[in-house]
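The values are calculated or read from the model by the stated rules, or taken from the named source; none is laboratory data. Only a predicted model underlies this, so the values are computations on that prediction, with no experimental measurement involved. When we count neighbours, we look across all protein chains shown, and the Cβ atoms used for this are built from the backbone with ideal geometry, even at glycine.
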Amino acid sequence: MDALDLARLQFAVTTTYHFFFVPLTLGLSILTAIMQTMWVRTDNPVYRQMTRFWGKLFVINFAMGVVTGIVQEFQFGMNWSEYSRFMGDIFGAPLAIEALMAFFLESTFIGVWVFGWDKLPRRLHLASIWLVALGSNISALWILIANSFMQQPVGYVIRNGRAEMDSFGDLITNPNVQVQFPHVFTSGIVTAAFFVLGISAWHLLRNNGEKRDFFLRSFRIATVYGLIGIVLVIMVGHTQAQHMVKTQPMKMAAAEGLFDSEDPAALSLITIGDWEQREEVFSIRLPRMLSLLSYNKLDGEVKGINDLQAEYETTYGAGENYIPPVAITYWSFRAMVGAGFLMLGLAGFGLFLMLRDRIEGPKWFLRALFYALALPYIANTAGWMMTELGRQPWIVFGLQRTEDAVSPNVSAGMVAASLVLFAAIYGILMVADVYLLVKYGRQGPVEDEHDTAPASPDTAAAAI
Amino acid sequence: MDLQDLWFVLISVLFIGFFFLEGFDYGAGILLPFIARKDSERRVVINTIGPVWDANEVWMITAGGALFAAFPHWYATLFSGFYLALVLILLALILRGVAFEFRSKEDDPRWRRTWDWAIFIGSVIPALLWGVAFGNLVKGVPINAAMDFTGDFFDLLSPYTLICGLASFAVFTLHGALFLSLKTDGVIRRRAETLAQQIWLPVVGIAVVLAIANYAYIDIFDTVGVNPGVMPVTSAVTLLSVGYYLRKKQFGWAFVLLGLTILFSVATFFWFLHPNVMVSSTNEAFNLTVENAASSEKTLETMTIVTLILLPFVLLYLGWSYWVFRKRITADSPLEY
């Protein structure tokens, strides 16, 4: 492997790892804030316990997200210096604003929240978790504004041999971020919901005496939260795909394994292709469905890989390959959508059981929910793989190729060394992180002096 | 002052804030094994910085983001050039941050000792390497016409830059001891006070060596002549007066004055560096300057407006959070970490 491949692998490893923690932070910060709001409003100590318990898992996860995020801020310069030189004028701004507007906010108020239980009035303490949630999600917005520039460059001019900012307004209202941010925001909600559902299901399967009420309540809140989330993820995802057909048709063609343009276009259920020869070998497809999904009507041309390659050769220069790695783009798209629809089914069935008051009825469902903990993680990771790999060979679509973006002075040996070090440390930390999550997740809510002390006899009775 | 200089100043301010605030965080981490022997004592030390270390680190992340936005070439050259040094800093910071969070979440003494080591090493490495990195910025490193660093990791290590590293390490350690003397009570406070009194003189010694090295190894004399100027002299005077207040046991004043030492030292550094942002030892013509490394006017204008709007709020709630956690920590305080 040369320095370019290693740098790409390093970016993939560090970013995928970072994004393992981010969606849970995005969604669970809000859910914890909701639970604490319920406690402040109702005075029911079970909501305080819920805030403490889910909040503790939230904080463990949050720390991992924070420290792995530092790497993100630095590695554009470290491994992608040519990219930084060419794009810095427009790409650096959202990163700096992210730090100023979001990182300070979330990092200050996570400290205030974790350490401020006894130091602040209840409502001020509640405000601090909402500010953490706000900060985290604003941070997602700015980094996605930056990423959207890579998917659909807007608001720039090429001047002085680089992309310079022409309109800040265009940059932050990029049509791409308008569909991308809602998708990421809602997938955070889904991730948190299935995290809470999975752990609650594990406890309900053990029918844990006094903890039962606690986890039933958590289960119900998470079911509603998750169902809203997953419905929105899918709806926004659909809009996002339609946007992609317009702006990055090659990515859509690769995600569908569509080699030749079709009108009307069929939707692939499964395609086995000869990726080298750019031919389809076998497929099961739903006629007209891709046209329907792309344009809301039963016909309309969806361009295939081969035609787009020819088109791009005219636009961007002949003799170059403009095709992303098709197999991985195709399968990661299916993994994301598949996991998404599975979660829709699970959350829907959860609501059905909730309405009939039979949450603990079918044991297989609780077991399934425990294993479904993996689903949001699969969907999140696969979604980003499709987004980033499907854009290749571009780092910024149509403007700069990935191979032209890498640091020319960082050798393969240096990247290999750092990659090994990052992988080793990340591996160890993952073990420690999972160990603590399992430990505290299993343990369940713990009575601390605060839970019993402030509750009046009435509210305590009401809780029972 | 044009926008490029304004942003040079803003980045200096971010680094001053970072070194002042993370300085005592690193110091507390470095002193952890020496000042706190029992587990309960260690928890006290870690909890003094518990609510604030994360926000303190954001000063560095913001400085990185501001470099990227305002001086993309500086960001690109510095980060790709100092590659392995930054990898080490990153790994240290990752371990250290997780260690704070994870350490007390398990009772096993081996678990806790391991994370204590992570806190110690994770504080020592950046405390040293930031000095080394800044030393290299003024001293100059091999940079070619394409603005790319052409040396390797060992080019970054020279007597001068190692002295710089030692100086930042020493000052942060003293800063940490003073911080702990103000934020703890009882036995830890007494140890921190004694330690601060003991290490002040060695810190001054290293500072003197650094002052001499500045004349010996870099061409500072050509630029400033005999009179080094207000800022370095103030940083020297404040460092010396720290000794007076240490002897008088007025640790609050000692902390304030050492804070001023950090402020004026970092300011001196950037003042010497200007108008360069990175010096090329290959050819003076290849220096990165506030002009050739900067973003466009448009970007700088936009960033200036955004910063003017946001910064007051940030400073306000940061200040407020320090006020919330103003009390000294003891073993009887509720300890989250």
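Just a few scattered comments:
- For the condition under 30 Å from B:THR307 (Cβ atoms) and within 9 Å of chain A (Cβ to nearest Cβ), B:HIS175 does not qualify.
- Being of a type in the set (Lys, Arg), closer than 22 Å to A:ILE60 by Cα, without any contact (Cβ under 8 Å) to a residue 60 or more places away in the chain and more than 9 Å from chain A (Cβ to nearest Cβ) holds for only one residue in B:ARG37, B:ARG43, B:ARG110, and it is B:ARG110.
- For region A:388-421, residues that are touching a residue at least 60 places away in the same chain (Cβ under 8 Å) and farther than 22 Å from A:GLY88 by Cβ total 6.
- Contact map, region A:294-313: residues that are surrounded by fewer than 17 Cβ atoms within 10 Å (Cβ to Cβ) paired with residues that are modelled with pLDDT under 85, Cβ distance under 8 Å, separation 6+ or inter-chain. Pairs shown: A:ASN306/A:ARG278.
- Among residues of region B:60-92, those that are buried (at least 24 other Cβ atoms within 10 Å of the Cβ) and under 18 Å from A:PHE103 (Cα atoms), counted: 10
- Complete set of residues in region A:195-249 that are of a type in the set (Gly, Ala, Ser) and within 20 Å of the chain's Cα centre (by Cα): A:GLY198, A:ALA222, A:GLY226, A:GLY229, A:GLY237, A:ALA241
- The set of residues from region B:82-104 being more than 7 Å from chain A (Cβ to nearest Cβ) and assigned to a helix (DSSP H, G or I) comprises B:ALA85, B:LEU88, B:ILE89, B:ALA92, B:ARG96, B:ALA99, B:PHE100, B:ARG103, B:SER104.
- Only one of the numbered conditions (1) of a type in the set (Phe, Trp, Tyr); (2) at the interface with chain B (Cβ under 7 Å from one of its Cβ atoms); (3) out of contact with any helix residue (DSSP H, G or I) (no Cβ under 7 Å at 6 or more places or on another chain) is violated by A:PHE53, and that is (2).
- Among the residues listed as B:SER280, B:SER296, B:SER241, the single one being among the small types (Gly, Ala, Ser) and farther than 19 Å from B:GLN4 by Cβ: B:SER241
Here is a yes/no grid of residues against (1) within 19 Å of the chain's Cα centre (by Cα); (2) farther than 18 Å from B:LEU260 by Cβ:
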site	(1), (2)
B:SER12	yes, no
B:PHE18	yes, no
B:ILE30	yes, yes
B:PHE34	no, yes
B:ASP39	no, yes
B:ARG43	no, yes
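- Between B:THR150, B:THR194, B:THR161, the distinction of being out of contact with any helix residue (DSSP H, G or I) (no Cβ under 6 Å at 6 or more places or on another chain), under 30 Å from B:PRO72 (Cα atoms) and of a type outside the set (Asp, Glu) belongs to B:THR150 only.
- With respect to the conditions (1) more than 16 Å from B:PHE179 (Cβ to Cβ); (2) among the β-branched types (Val, Ile, Thr); (3) crowded, with 23+ Cβ neighbours inside 10 Å, B:VAL44 falls short on a single one, namely (1).
- Some residue of region B:122-133 being over 18 Å from the mean Cα position of the chain (by Cα) and either assigned to a helix (DSSP H, G or I) or within 14 Å of chain A (Cβ to nearest Cβ) (or both): no
- Residue in region B:291-299 that is within 10 Å of chain A (Cβ to nearest Cβ), over 17 Å from B:PHE71 (Cβ atoms) and either of a type outside the set (Phe, Trp, Tyr) or surrounded by fewer than 16 Cβ atoms within 10 Å (Cβ to Cβ) (or both) present: no
- Reported count of residues in region A:74-88, each being at the interface with chain B (Cβ under 7 Å from one of its Cβ atoms) and out of contact with any Phe, Trp or Tyr (no Cβ under 8 Å at 6 or more places or on another chain), is 1.
- Per-region count, region B:153-163, residues in contact (Cβ under 8 Å) with a residue 60 or more places away in the chain and farther than 21 Å from B:HIS274 by Cα: 1
- Residues located in region B:319-332, provided they are at the interface with chain A (Cβ under 7 Å from one of its Cβ atoms) and either of a type in the set (Val, Ile, Thr) or assigned to a helix (DSSP H, G or I) (or both): B:SER321, B:VAL324
- Whether a residue is touching a Gly at 6+ places or on another chain (Cβ under 8 Å) and in contact (Cβ under 8 Å) with a residue 24 or more places away in the chain was assessed, and B:GLY23 passes this test.
- A Cβ distance below 7 Å, combined with a sequence gap of six or more or placement on separate chains, defines the contacts here; from region A:157-179, residues that are in a loop (DSSP other than H, G, I, E, B) reach residues that are of a type outside the set (Val, Ile, Thr) in the pairs A:ASP166/A:GLY155; A:ASP166/A:TYR156; A:SER167/A:GLY155; A:ASN174/A:SER148; A:ASN174/A:PHE149; A:ASN174/A:GLN152.
- Helices (runs of 4 or more DSSP H) (entirely within region A:391-464) containing at least 2 residues that are at pLDDT below 95 and aliphatic (A, V, I, L, M): A:412-443, A:457-463
- Test: residue in region A:91-110 that is farther than 22 Å from B:PHE313 by Cβ and either touching a Phe, Trp or Tyr at 6+ places or on another chain (Cβ under 8 Å) or within 14 Å of chain B (Cβ to nearest Cβ) (or both): yes
- Count of residues meeting criterion [over 15 Å from B:PRO159 (Cα atoms) and modelled with pLDDT of 85 or more] in region B:198-242: 21
- The single condition from (1) of a type outside the set (Asp, Glu); (2) at pLDDT 95 or above; (3) surrounded by fewer than 24 Cβ atoms within 10 Å (Cβ to Cβ) that B:ARG37 fails is (2).
- Filtering B:LEU335, B:LEU310, B:LEU316 for residues that are within 11 Å of chain A (Cβ to nearest Cβ) and over 30 Å from B:MET1 (Cα atoms) leaves a single hit, B:LEU335.
- Flag for B:VAL52 being away from every other protein chain (no Cβ under 13 Å), at pLDDT below 95 and more than 17 Å from B:TRP117 (Cβ to Cβ): no
- Single residue of region B:134-151 satisfying the filter (assigned to a loop (DSSP other than H, G, I, E, B), more than 24 Å from B:ILE212 (Cα to Cα) and in contact (Cβ under 8 Å) with a residue 40 or more places away in the chain) that is farthest from the other protein chains (Cβ to nearest Cβ): B:ALA145
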